[in-house]
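Notes to accompany the following structure.
The values are calculated or read from the model by the stated rules, or taken from the named source; none is laboratory data. The structure presented is a predicted model; accordingly, all values stated were derived computationally and were not measured. Here the Cβ positions follow ideal geometry from the backbone for every residue, glycine too, while neighbour counts run over all protein chains shown. We work out accessible area using only protein heavy atoms, side chains counted, and drop any ligands, DNA or RNA first. Shrake-Rupley method; radii C 1.70, N 1.55, O 1.52, S 1.80 Å.
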Amino acid sequence: MQFLFPTFLIASLVIAIPILIHLFNFRRYKKVYFTNVAFLKSIQQASNSRRKINQWLILACRCLALIALVLAFAQPFFETKGKVVQGTNYSIIYIDNSFSMGSKATDHNLLETGKDIAHSVINGFGPDDKFMVVSNDNSNFSSDWMNKEEALSAIDEKTISPQSRSLSSIFKGMQQSFKLAGQGKFNAYFISDFQKDFSNIPSLNDTAIQVNLIPVTASSVANVYIDTVYFKNQISQPGIANKLVYKIVNDAPYANTVKPVLKYHGNNKPLPLVKIEAGKTLVDTVPILSSGGEYQSAELLINDNPITFDNNYFIAWKDAVKANVLIINENNTNRYLEAAMSSSGLFSVTNVEVSKVNYSSLSQFPLIILNEVKSLSSGLISELNKSLSEGNNLVVFPGLHSGNAIKQLSGAFNLGTDGNFYNQVSQVQTINNKDDIFQNVFEGRTSSLKLPVTQSSLRILTKVARGAVSLLSYRDGYPFLVKYPRGNGKIFLCAAPLDPTYSDFVKNGEVLVPFLFKSGFNNLSKQLAFIIGRSQSFEILRNARGKDVVVKFTGPQTFIPEQIQRNKKSIIQVGKENILPGIYSLENYGKYAFNYDRSESRMEFLDEQQLKSFESPHIKVWDSQTQTNLASLIQEKDSGLALWKYLLIAALIFLLGETYFIRLGKK
């Protein structure tokens with residue numbers, strides 16, 4: 001047993017007071033005159049004996065009552081588990097307010113249950129302890145700590161949010177706040193349904209922090225949801241049907257029948273009724289004929305209850321218009337290259353000799369192609385660098401005599417090659433279909449594709465070239481086609497000439513045409529769909545209204561995104577806003593789709609037994625039984641088993657005993 005205030009034990013000397021009173025008060029005698037006491041002698045002796053016993057009992061009750069009061073003020077306690085550490089408690093309480101916490105528990109949702117638990121946690125601490133209350137949409141940790149009243153008010157303000165964060169990221173913020181708190185006891189409380197995708201419990205391990213896991217659970221919920229929607233072809237062309245791919249997931253333990261509906265141009269188009277087996281995913285397509293011109297949007301819907309936030313998915317796009325392409329030739333044009341560019345009808349091609357390039361016009365071409373150029377002036381290299389910084393792309397097809405030009409470009413842009421050609425027959429073997437250039441281009445396996453064979457090629461060392469990504473590779477591992485991010489654009493370098501004498505790349509239209517198409521539109525097809533709660537950004541070119549003009553989104557709600565002005569562009573940052581999903585217009589800059597994050601759609605949770613498997617000296621799980629008396633258990637865990645309440649009750653009992661014996665002595 002230990003004492004919280006041991007100096008109060010000095011007051012135990014007060015038991016001398018009732019002892020002194022007893023010694024001097026009960027020894028006083030009172031004379032009573034009586035005619036004949038002989039016959040009362042035996043009765044008097046018995047009465048004196050009972051009176052002495054009664055007096056000693058009164059003295060004992062008084063002494064014990066005083067001792068109990070003194071001990072109560074000294075606040076003795078027994079240590080429970082571990083060592084009780086004295087000092088201020090610094091407690092950070094995380095309340096999960098993601099969509100899954102909107103599920104019903106009994107008469108209210110899990111978030112309300114979690115808020116009640118958070119109240120109990122705070123009530124278990126003392127008036128001088130400090131608190132911080134965080135959630136998914138308010139996780140800005142700081143050094144500003146709250147008292148009990150402020151923390152209780154902060155808990156009441158929590159509502160369901162589309163934001164979702166992993167417990168490990170929340171814990172990192174907690175660690176930083178505890179480091180700034182100074183000396184004390186550090187407690188981290190996680191009140192959540194512990195969805196598996198967000199609950200990396202082993203990462204919550206810090207010997208300086210006592211981690212407390214408090215699960216709130218509801219009955220199992222089955223969910224069918226739209227996982228994603230996207231176009232099969234990233235570039236949409238007017239008048240040409242593009243396949244809209246959609247994925248619907250059945251997360252229920254039984255089969256479900258769904259009937260998707262597509263909203264487009266104000267019309268509702270019912271899609272085929274499909275049955276999805278338990279735990280399976282439906283992937284299907286629907287053709288959309290784009291009208292061209294302005295930005296367009298569509299919405300896919302299903303009907304599923306009780307979880308509805310993932311029942312619709314919005315998508316926005318804009319049909320591509322002709323892109324200007326500048327081909328800089330050494331002398332003659334390449335008819336194969338022109339044919340490949342004109343086959344899609346989406347490029348407006350301009351050919352020019354290297355000696356006649358108008359440097360001031362380079363910024364007008366999103367795609368510039370160097371075709372077998374032998375040498376480059378320093379002025380042209382400088383203008384190419386400027387064009388890249390403005391977001392344009394550069395494709396380099398070398399000629400057998402382009403060694404000097406390649407060496408100049410490699411020195412200026414770190415391309416990882418010396419410009420020397422090696423005469424060796426080589427077969428291209430692999431395609432990097434994970435990169436956005438060839439992603440979703442080829443259906444099925446790429447092993448059946450006819451890939452280029454070259455007679456002479458450059459040696460490109462991607463390991464020494466900053467950010468180099470190999471798109472096509474030879475059997476020996478050397479790259480045939482490489483992408484380099486430079487400035488705000490990209491450089492693409494082919495290792496072999498387009499001349500059929502040295503390479504049959506021009507005859508591989510199923511590879512060459514998609515490459516030219518993607519390289520020409522790669523920077524034109526800006527992102528038009530965003531996930532609410534996920535930080536993302538995009539650029540817009542400022543118009544003539546001025547650099548200080550602030551733009552805003554209008555749609556289901558109106559909000560002003562974070563904006564950073566940079567030269568002639570504005571960087572629009574989204575993701576921190578708590579908004580409704582839907583199609584939003586950014587004034588004159590097009591339409592954008594915002595959807596809720598689907599990571600909350602998988603209703604898989606860690607149960608109490610799974611959580612208890614992670615228990616350690618620094619991680620404690622409060623199960624449903626201990627949650628019913630959480631405040632007192634936290635107080636006991638913090639201060640040990642406090643005995644002052646029991647001592648006050650004992651003092652009261654001793655005082656009642658004193659009163660009883662005093663009255664008994666008067667009878």
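Applying a threshold of 6 Å to beta carbon distances and a minimum spacing of six or more residues, or different chains, the list of pairs starting in the range 607-626 at a residue that is touching a residue at least 12 places away in the same chain (Cβ under 8 Å) and ending at one that is open to solvent by 50 Å² or more (accessible area, probe 1.4 Å) and of a type outside the set (D, E) reads H618/T207; V621/K612. Go through (1) open to solvent by less than 50 Å² (accessible area, probe 1.4 Å); (2) modelled with pLDDT under 75 for A72 and report which single condition fails. Condition (2) is where A72 drops out. What residue, of I248, I214, I201, I209, is at pLDDT 95 or above and either of a type in the set (A, V, I, L, M, F, W, C) or touching a helix residue (DSSP H, G or I) at 6+ places or on another chain (Cβ under 8 Å) (or both)? Going through I248, I214, I201, I209 in turn, just one is at pLDDT 95 or above and either of a type in the set (A, V, I, L, M, F, W, C) or touching a helix residue (DSSP H, G or I) at 6+ places or on another chain (Cβ under 8 Å) (or both): I248. May I ask you to say which residue of K185, K130 is in contact with a strand residue (DSSP E or B) (Cβ under 6 Å, 6 or more places away or on another chain), within 12 Å of I93 (Cα to Cα) and touching a residue at least 40 places away in the same chain (Cβ under 8 Å)? The match here is K130.
Note on the range 196-213: residues that are surrounded by 16 or more Cβ atoms within 10 Å (Cβ to Cβ) and closer than 14 Å to M174 by Cβ total 7. Inside the range 381-400, residues that are at negative phi and touching a Pro at 6+ places or on another chain (Cβ under 9 Å) make up a count of 6. A468 fulfils the conditions (1) open to solvent by 30 Å² or more (accessible area, probe 1.4 Å); (2) of a type in the set (G, A, S); (3) without any contact (Cβ under 8 Å) to a residue 60 or more places away in the chain; (4) closer than 20 Å to S387 by Cα except for a single criterion, (1). Would you say G487 is at positive phi and touching a residue at least 24 places away in the same chain (Cβ under 8 Å)? Taking the combined requirement at face value, the residue satisfies it. Somewhere in the range 447-457, is a residue under 22 Å from N233 (Cβ atoms), exposed (fewer than 15 other Cβ atoms within 10 Å of the Cβ) and free of Cβ contacts under 8 Å to residues at least 60 places away in the same chain? Yes, the conditions are met somewhere in the range 447-457. Selection over the range 411-436 of residues that are of a type outside the set (F, W, Y) and in a strand (DSSP E or B) gives a count of 9.
Of the residues in the range 519-527, at least one is surrounded by fewer than 17 Cβ atoms within 10 Å (Cβ to Cβ), hydroxyl-bearing (S, T, Y) and either in contact with an Asp or Glu (Cβ under 6 Å, 6 or more places away or on another chain) or modelled with pLDDT under 85 (or both). Of all the residues in the range 400-439, those that are among the hydrophobic types (A, V, I, L, M, F, W, C) and more than 46 Å from the chain's Cα centre (by Cα) number 4.
Meeting the requirement of 1 or more residues that are farther than 30 Å from Y592 by Cα, the strands (runs of 3 or more DSSP E) wholly within the range 176-236 are 185-192, 210-215.
Here is a yes/no grid of residues against (1) open to solvent by less than 80 Å² (accessible area, probe 1.4 Å); (2) of a type in the set (A, V, I, L, M); (3) touching a His at 6+ places or on another chain (Cβ under 6 Å); (4) over 22 Å from S601 (Cβ atoms):
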| site | (1), (2), (3), (4) |
| --- | --- |
| A252 | yes, yes, no, no |
| A255 | yes, yes, no, no |
| P260 | yes, no, no, no |
| N267 | no, no, no, yes |
| L271 | yes, yes, no, no |
| K275 | no, no, no, no |
| L282 | yes, yes, no, no |
| L289 | no, yes, no, yes |
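The helices (runs of 4 or more DSSP H) found entirely in the range 565-647 include none that carry 3 or more residues being polar (S, T, N, Q), modelled with pLDDT of 90 or more and under 24 Å from the mean Cα position of the chain (by Cα).
Of all residues being farther than 27 Å from Q439 by Cα and outside any strand (DSSP E or B) in the range 237-270, which is nearest to the chain's Cα centre (by Cα)? Just the residue, please. Here the residue is D251.
Residue check: is S161 at pLDDT 90 or above, of a type outside the set (D, E, K, R) and either in contact with a strand residue (DSSP E or B) (Cβ under 8 Å, 6 or more places away or on another chain) or more than 21 Å from S120 (Cα to Cα) (or both)? Answer is no for this residue. Residue pairs whose Cβ atoms lie under 7 Å apart, sitting 6 or more positions apart in sequence or on different chains, and linking a residue in the range 544-564 that is charged (D, E, K, R) and at pLDDT below 85 to a partner that is surrounded by 10 or more Cβ atoms within 10 Å (Cβ to Cβ) and in a loop (DSSP other than H, G, I, E, B), do not occur here. For the range 364-391, filtered to residues that are of a type in the set (D, E) and in contact with a helix residue (DSSP H, G or I) (Cβ under 8 Å, 6 or more places away or on another chain), the residue that is farthest from G520 (Cα to Cα) is E383. Residues in the range 126-167 that are open to solvent by less than 30 Å² (accessible area, probe 1.4 Å) and in a helix (DSSP H, G or I): A151, A154, I155, L167.
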